[in-house]
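None of the figures in this text is laboratory data; all of them are computed from the coordinates on show. Being a predicted model, the structure only gives us computed values, none of them experimental. So basically every Cβ, Gly included, is an ideal-geometry build from the backbone, and we count neighbours across all protein chains shown.
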There are 2 protein chains.
Amino acid sequence: MRLAELSRRSGVPTATIKYYLREGLLPPGRRVTATQSEYDDAHLERLRLVRALVQVGRVPIASARDVLTALEDDSLDHNSRLGTAVGALPHGPESAEDDASDAQARRTVDVLLARLGWQYAQSHKEEFPAYRMLVTAVATLARLGYPCAVEDLAPYAHAGGQLAESDLDLIERYESPDRQLEAAVALTVLYEPVLLSLRRIAQAEESHHRFGEQRAGE
Amino acid sequence: MRLAELSRRSGVPTATIKYYLREGLLPPGRRVTATQSEYDDAHLERLRLVRALVQVGRVPIASARDVLTALEDDSLDHNSRLGTAVGALPHGPESAEDDASDAQARRTVDVLLARLGWQYAQSHKEEFPAYRMLVTAVATLARLGYPCAVEDLAPYAHAGGQLAESDLDLIERYESPDRQLEAAVALTVLYEPVLLSLRRIAQAEESHHRFGEQRAGE
């Protein structure tokens, strides 16, 4: 298909598609004339993923390119490619503050991972941006004086473990390894607002049950 | 205490404190001379919350002011103040696209809430920014062709319900209603990166168990 049809079928304006092509987020089409290229269904799929990352997930262009590069790295096996691609997703702000609370937070997180028995995560933690994101989040809680002991974090870790099972169940619905990789990246990003909004709605529900209506019936 | 001591004890630079005072994120101190004011522990507490929202949660100043205003609204009961304050936290991007997928997403979310038996959330959903955030997220998944049926969302809702219980358990450790409100807002924001990073670490762990090492032992 030509650019105009790619735009129509994807719902992405041609100017945006050209921008993605220039930035290397979309592989070039097959050149048919000096000014026209031919695109295929792989381009359509890739556009879908780029939209999930850039428009919805607000992933910066450079990070999106890293994620997409990892997806195509044939030197890695399936699991490594999945881990590298999801790992290249941007994480929260890095700590710029004192190292003492970071060191303490690191110890807390390490005890947590050990108690959970997440051996793969323990032995690969230095490669995980998510590990640094967690250490930074725990150090921030500590500096601001909010609860962040191993026991406080444990329920969130158990929820994370259950969510990962749901995530992988969704991903395994896709048959080809390439589609699984694409789905892993997209669903990691796209389900974050689902999860955070459901947590807030559940908080309102739970708060109502605990504090609401001054227990009118009593 | 004077401004210099408030700065030293909070770790927030005096210029930043003055900015928060100008923006109404911090109530004015008690004027003692034409150029000096006196601050107390309530200011120190409030600064902690402002940092959690603005520096860590990256909440825009105007939204932070709405949250803080709701915390102090004496016309509301405890549960309503809590709901209004957490509800004033900014949510994800609003949908700017077609209404057909939004209407379908709304139906999906409504069926989900009904199945969960979250009656308070159902009857107050129009007041919840989190409800609109969820509808937008589901509509986006649908538009991009990713799974988002009620059954797909259910595990995330169950996780949200469990997380809300953990959240409220943390909040109930604080004795005064005012501290509970402050903690509800701060912990909602500060535990988001904890949850998201633990989900990603758990994904890596789960992915390793399902796909890793080509099941070397077989």
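So the values come out like this:
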| quantity | calculated |
| --- | --- |
| Copies compared at B:Val32 - label distances in nm, ascending, label defined 7 Å from Cα in the Cβ direction | 8.0 |
| Of all chain A residues, the one whose C-beta is nearest the axis that brings A onto B, in angstrom | A:Ala159, 2 |
| Teacher prompt: A:Glu72 distances to equivalent labels in other copies, 7 Å Cα→Cβ, nm | 5.5 |
| MRE, 222 nm, helices only [DSSP H, n ≥ 4, -39500 (n - 2.57), over the protein assembly as shown, to nearest 500] | -21500 deg cm²/dmol |
| Chain B: DSSP helices with Cα axial extent of at least 24 Å and average Kyte-Doolittle hydropathy no lower than 0.0 | none |
| Charge tally in the Cβ shell below 13 Å around A:Glu38, where Lys, Arg are +1 and Asp, Glu are -1, A:Glu38 excluded | 0 |
| Relative exposure of B:Ser123, A:Ser37, judged by other C-beta atoms within 10 Å (fewest first) | B:Ser123, A:Ser37 |
| Contact order normalised by residue count of the stretch B:98-163, Cα under 8 Å, 6+ apart, percent | 40 |
| Candidate lysines - alpha carbon under 16 Å from B:Lys125, same-chain residues fewer than 8 apart omitted | none |
| Mean separation of Cα contacts under 8 Å (6+ apart) over length of the stretch A:1-89, as relative contact order % | 23 |
| The stretch A:131-203: GluC sites (Glu not before Pro) falling in loop per DSSP and having at most 15 other Cβ within 10 Å | A:Glu175 |
| Sequence of B:Leu53, A:Leu21 once ranked by neighbouring C-beta atoms within 10 Å, starting from the fewest | A:Leu21, B:Leu53 |
| Teacher prompt: A:Pro60 distances to equivalent labels in other copies, 7 Å Cα→Cβ, nm | 2.1 |
